[in-house]
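I have a structure I would like to understand better, so I am pasting it below and will then ask my questions one at a time.
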Amino acid sequence: MTHHLLQQQLANLKTAEAPPTAEEWAEFLTAVDQAYTEADHAQEQWKNAYDALRDEMEGSVENLRRSSAHIITRERDKLQAIIRALGDGLCALNENGCLLFINPEGERLLGWEEIDLLGQLFLDWVMPSSDEEDTTERLFKKIRSGEPHAELDAIFIQRNGRYLPVSYTLDPIFNEGKFTGAVLVFRDISAYKLAQEEREQQLRETLLLNRVIAAATSSLDLNNVLKTICEELAQFFGLPQAAFGLLNDSRDHLTIVAEYLTEGRIPALGAVIPIENNPATQDVIRTKAPLVIPDAQTDPRQPELHDLSRRRGTRTILIVPLLVRDEVLGTLGLNSTTHRNFTPNEIELAQNV
């Protein structure tokens, strides 16, 4: 029986029987050797092709890796540049609320450096809560459900202890459905708040002037008009007492003809105030300009009124001239029981009224 490997070689040489003679066996073996040589050559070619393909694939993968790394680095640098140039404060917090990152604008607004706050419960640090529940716990309980939190008018505490008006948003971060942290973006609204307060102040001043004008045009009694002005100005400035004094014909004394006072205050209606030895009132009449007396109980310009000011508990007085056709007819006194710094706007408003 012919061996199966020999049968395979005979089949490759397209013959069914083994060679009958020595010469034919020699030819047969030569053919077999050539077949093996060709097979080895083909295998070598396949191996070379495989190695070349492998090298090419490895090169392509490396190029792709380098290209991807370059793109990722470029996009990361671009994102960092945007975050650093952002005009708002931006913080990244972990799942517990501890600070991971804060951009330069956030550092500037709060006065802290990132190194000081890393690992701290940031919201508890800048938003102390008066409740039993900590700020971080309260807000994170909400955003863990996937609901962002925002406040348009809030307060953050700066490093120096001052309050910073802010608006902020707190957005949750999820990775494959798991809560992993939050992003906090906050904006300084100090300028907006100041502008809002100025608009509200202008509105209050306009309403005050309208009420005074309405009172002046609805009555022919000067004393009633002056009483209305005293009441309106005292309530507008939050003062307990205001009074108008009119000069007599000889202009040597003032008589209190109208006043407003809160309950318990000592009335001054009908009181006579001499002009002599009263430098403060003399200055107002001479300059036709308002004058602030910071402490009426000790001011050297009106020593004769020290005792009266102490009995009444008066501290700061704003004296405003009553002008008619550029002539001083009297004065308006606005009395404060505490040391008060009347602003230029307040003084101008009282003068305009």
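Can you name every residue in segment 217-258 that is charged (D, E, K, R) and either in contact with a Pro (Cβ under 7 Å, 6 or more places away or on another chain) or farther than 23 Å from T343 by Cα (or both)? Break it down stepwise before answering.
If we filter segment 217-258 for residues that are charged (D, E, K, R), which is where we start, we get 221, 227, 231-232, 249, 251-252.
Hits for segment 217-258 are D221, K227, D249, R251, D252.
Moving on. Give the residues of segment 332-342 that are surrounded by fewer than 23 Cβ atoms within 10 Å (Cβ to Cβ) and over 15 Å from Q297 (Cβ atoms), sorted by residue number.
Correct list: N341, F342.
Next up: A296 - would you say it is over 21 Å from G238 (Cα atoms), in contact (Cβ under 8 Å) with a residue 12 or more places away in the chain and over 39 Å from the mean Cα position of the chain (by Cα)? Don't jump to the end; show me each part of the working.
Numbers: over 21 Å from G238 (Cα atoms): no; in contact (Cβ under 8 Å) with a residue 12 or more places away in the chain: yes; over 39 Å from the mean Cα position of the chain (by Cα): yes.
It is false that A296 is over 21 Å from G238 (Cα atoms), in contact (Cβ under 8 Å) with a residue 12 or more places away in the chain and over 39 Å from the mean Cα position of the chain (by Cα).
Would you check if there is a residue in segment 220-231 being crowded, with 18+ Cβ neighbours inside 10 Å, of a type in the set (S, T, Y) and assigned to a helix (DSSP H, G or I)?
Yes, segment 220-231 contains a residue that is crowded, with 18+ Cβ neighbours inside 10 Å, of a type in the set (S, T, Y) and assigned to a helix (DSSP H, G or I).
Restricting the first residue to segment 155-171 and requiring it to be in contact (Cβ under 8 Å) with a residue 12 or more places away in the chain, which pairs with a second residue that is charged (D, E, K, R) and crowded, with 16+ Cβ neighbours inside 10 Å meet a Cβ separation below 8 Å and a spacing of at least six or different chains?
L164/D188; P165/D188; V166/R187; V166/D188; S167/R187; Y168/R187
Among (1) surrounded by fewer than 19 Cβ atoms within 10 Å (Cβ to Cβ); (2) not in a helix (DSSP H, G or I), which single condition is A191 missing?
Evaluating A191 over (1) surrounded by fewer than 19 Cβ atoms within 10 Å (Cβ to Cβ); (2) not in a helix (DSSP H, G or I) leaves (2) as the failure.
Can you name the condition, by its number, that R312 falls short on among (1) more than 46 Å from the chain's Cα centre (by Cα); (2) touching a residue at least 12 places away in the same chain (Cβ under 8 Å)?
In the conditions (1) more than 46 Å from the chain's Cα centre (by Cα); (2) touching a residue at least 12 places away in the same chain (Cβ under 8 Å), R312 misses (1) alone.
Further, regarding this structure: If you check L239 against the conditions, is it outside any strand (DSSP E or B), under 15 Å from G333 (Cα atoms) and in contact with a Ser or Thr (Cβ under 9 Å, 6 or more places away or on another chain)?
Details: outside any strand (DSSP E or B): yes; under 15 Å from G333 (Cα atoms): yes; in contact with a Ser or Thr (Cβ under 9 Å, 6 or more places away or on another chain): yes.
When the stated conditions are applied, L239 passes them.
Each value in this text was obtained by applying a stated rule to the coordinates, not by laboratory testing. Note that the structure is a prediction, hence the values are computed from the model and not measured. Neighbour counts are summed over all protein chains in view; Cβ atoms, including those assigned to glycine, are modelled from backbone coordinates with ideal geometry.
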